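Enquirer: My questions all concern the structure below.
Nothing in this text is a laboratory measurement; each read-out follows from the coordinates by a stated rule. Keep in mind that this is a model prediction, so the values were computed, not measured. Note that each Cβ is placed from the backbone with ideal geometry, even for glycine, and that neighbours are counted across all protein chains shown.
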Amino acid sequence: MKSKSIKTAIIVVISVILLALIYTVLNKIFNDGSNKYNDYLKDYEVNEYIPVYISDEAMAKIYLKEYIDTMYTNVEVAYNLLDEEYRNKKFGSLDEFKNYVNSLNLQVPVMDKYYLHDSDGYEIFGVYTKDNRFYAFKTKGVMQYSVYLDDYTVEIW
């Protein structure tokens, strides 16, 4: 009786070892040794960055919010962000722009729709808000842009 239980125990141990080996081999074959979470879980070095995708719509919202915030906090910077030709033709001076900003009921803008236009090395984000305002952001790079507050004073592209 004792030899039967020893044989059964040996068979169980060998079966468990074989199943573990088969699982390991099949896991390596079907996973190619890669883990989709490796990049997420790895320890990043000090100057290493995590790439992030931002959609065109999200980028248009970021530009709009950034510019409206700038109009609230620093009118002079907002004035300087205007395209130079547009700024001179539409306002002429910082004081006129300040009067324009003061006449606005600036609230947190809600984007209604947007478009993206590629033109001669520039991307132009046109943004329409729910309160029927238009903003165009002519970008030279991420967060490097000039602003137009309408699409009729000067030609944008």
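Enquirer: For a 20 Å ceiling on Cα separation, which of these pairs sit above it: Lys98/Lys140; Lys65/Lys138; Lys98/Lys138? Write out the running numbers ahead of the final one.
Expert: Details: Lys98/Lys140 26 Å; Lys65/Lys138 15 Å; Lys98/Lys138 22 Å.
Beyond 20 Å: Lys98/Lys140; Lys98/Lys138.
Enquirer: Between Asn99 and Glu66, what FRET efficiency follows from the Cβ-Cβ distance if R0 is 25 Å, with the result rounded to 0.05? Before the final figure, lay out each step's value.
Expert: Details: r = 23 Å, r/R0 = 0.90.
Efficiency for this residue pair is about 0.65.
Enquirer: Compute from the Cα atoms of the chain the Rg and the Dmax, the latter being the longest Cα-Cα distance, and quote both in angstrom.
Expert: 30.5, 105
Enquirer: Can you compute the helix-only [θ] at 222 nm over the chain? Use -39500 (n - 2.57) per DSSP H run of at least 4 residues, normalise by all residues, nearest 500 deg cm²/dmol.
Expert: Numbers: 6 runs with 76 residues, N = 157.
One gets -15000 deg cm²/dmol as the mean residue ellipticity at 222 nm.
Enquirer: With θ taken as phi - 60° and the coefficients 6.51, -1.76 and 1.60, list the Karplus ³J(HN,Hα) couplings across the stretch 143-157 in order, rounded to whole Hz; mark glycine and proline as x.
Expert: Karplus values, whole Hz, x for Gly and Pro: 6, 10, 8, 10, 10, 10, 9, 7, 10, 10, 5, 9, 6, 7, 10.
Enquirer: Describe numerically, in nm with one decimal, the distance between label points set 7 Å from Cα along Cα→Cβ at Leu26 and at Lys7.
Expert: Each label point is offset 7 Å from its Cα along the Cβ direction, giving 2.9 nm.
Enquirer: Could you give the length gained on full extension between Gln107 and Ile17, defined as 0.36 nm per residue of separation minus the Cα-Cα distance, in nm? Intermediate values should be presented prior to the final figure.
Expert: On the way: separation 90, 0.36 × 90 = 32.40 nm, distance 6.75 nm.
Answer, rounded to one decimal: 25.6 nm.
Enquirer: Still on this structure, I have one more. With θ set to phi - 60° and the Karplus curve 6.51 cos²θ - 1.76 cosθ + 1.60, what are the ³J(HN,Hα) couplings of the stretch 66-83 in order, to the nearest whole Hz, using x for Gly and Pro?
Expert: 4, 5, 5, 4, 5, 4, 5, 8, 8, 4, 5, 5, 4, 5, 6, 6, 5, 4
Enquirer: Can you work out the Karplus-derived ³J(HN,Hα) for every residue in the stretch 10-23? Use 6.51 cos²θ - 1.76 cosθ + 1.60 with θ = phi - 60°, whole Hz, and x for glycine or proline.
Expert: Taking θ as phi minus 60°, the curve returns 5, 5, 5, 5, 5, 5, 5, 5, 5, 5, 5, 5, 4, 4 Hz for the stretch 10-23.
Enquirer: Here's another thing I want to ask about it. Just the Cα atoms of the stretch 56-148: what Rg and Dmax do they give in Å?
Expert: In Å, with Rg to one decimal and Dmax whole: 12.7, 35.
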